[in-house]
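I have placed the structure first, in the form of structure tokens, so that the comments after it can refer back to it.
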Amino acid sequence: DEIASGTAGDGVNWVLDTDGTLTISGEGEIVVDWYAPPWESYINDIYVVDIQEGITNIPATAFCYAENLVSVNVPASVTNMSENDVSPFWNCFALQEINVHKDNVAYVSVDGVVFNADMSVLCYYPPNKADSTYTIPSSVTTLATNSFNYTKNINSLTLPDTVTTLSNECFGHAKIKSIILNNNITVIPSSCFSYSSLESIVIPDSVTSIGWNAFAYCSSLTSIVIPDSVTTIDYAAFSNCLSLTNIMF
């Protein structure tokens, strides 16, 4: 039943079965080349990733472009999933859930969404999770890089007052049409909403800076309100927003 197998670092082995399950086992860190993991030739045959106890990390780009990947199991031993770097699951468009073992001390998953241990950082929301609405827990203060990247089914989102930090590309390519930002956010970072489906947005009075490419290629964005608190709008912040007809200061 094995399609392929190999190694991914010292003491780390992988096997891809005919049912589409990629099992990674052994002890220590998974090691992959940037955007070229050892299972790259079979990336579209992967539907489930089952990481076994003993593996300590999931490196950036490990499963990027696994377009048929639906589910990931993360053991208690994993302590790093690159939440402040490029996501291991970037461009996994079909991904519906990431399940973290209950004994993991670094991460927790709630309904398939991954957080750090104390749930102050929302690390990753699976792009193809079926829910059309989502409530961010009030414990969250930070949305990590790529956290809502390519989200398909959420139409609107309200950020609780506890969220103070957005990260680069956290809503990049997301299908979210409307979002309400709270008054504790001071920076809209680089590429924060780039290529998203935003139609309009009101930036709260707390924001002082809009980063590079922050709203670039938001092709449905028709209007935006910028408060007088904003003192910096970086290069190409609204590049290629071809439907934008109204900017109000």
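The values are calculated or read from the model by the stated rules, or taken from the named source; none is laboratory data. Quick caveat, the model's predicted, so the values are computed rather than measured. Here the Cβ positions follow ideal geometry from the backbone for every residue, glycine too, while neighbour counts run over all protein chains shown. Ligands, DNA and RNA are excluded from the accessible area calculation, which covers all protein heavy atoms including side chains. Shrake-Rupley method; radii C 1.70, N 1.55, O 1.52, S 1.80 Å.
List pairs: first in the stretch 225-249 and free of Cβ contacts under 8 Å to residues at least 24 places away in the same chain, second exposed (fewer than 13 other Cβ atoms within 10 Å of the Cβ), Cβ under 6 Å, 6+ apart or cross-chain?
Ile226/Phe249
Any residue that is part of a strand (DSSP E or B) and more than 20 Å from Met248 (Cα to Cα) - is there at least one of those in the stretch 164-177?
Yes, some residue in the stretch 164-177 is part of a strand (DSSP E or B) and more than 20 Å from Met248 (Cα to Cα).
Those residues that are charged (D, E, K, R) and closer than 17 Å to Val202 by Cα, I need them from the stretch 152-179; list them, please.
Once the filter is applied, which keeps residues that are charged (D, E, K, R) and closer than 17 Å to Val202 by Cα, the stretch 152-179 yields Asp161, Lys177.
Which condition breaks for Asp228 when tested against (1) closer than 27 Å to Ser120 by Cβ; (2) open to solvent by 10 Å² or more (accessible area, probe 1.4 Å); (3) out of contact with any strand residue (DSSP E or B) (no Cβ under 7 Å at 6 or more places or on another chain)?
The failed condition is (1).
Picking from Ile3, Ile24, which residue would you name as being open to solvent by less than 10 Å² (accessible area, probe 1.4 Å), free of Cβ contacts under 8 Å to residues at least 60 places away in the same chain and assigned to a strand (DSSP E or B)?
Ile24
Restricting to the stretch 233-249, count the residues that are β-branched (Val, Ile, Thr) and either surrounded by 17 or more Cβ atoms within 10 Å (Cβ to Cβ) or within 26 Å of the chain's Cα centre (by Cα) (or both).
Residues that pass the stated criteria total 1.
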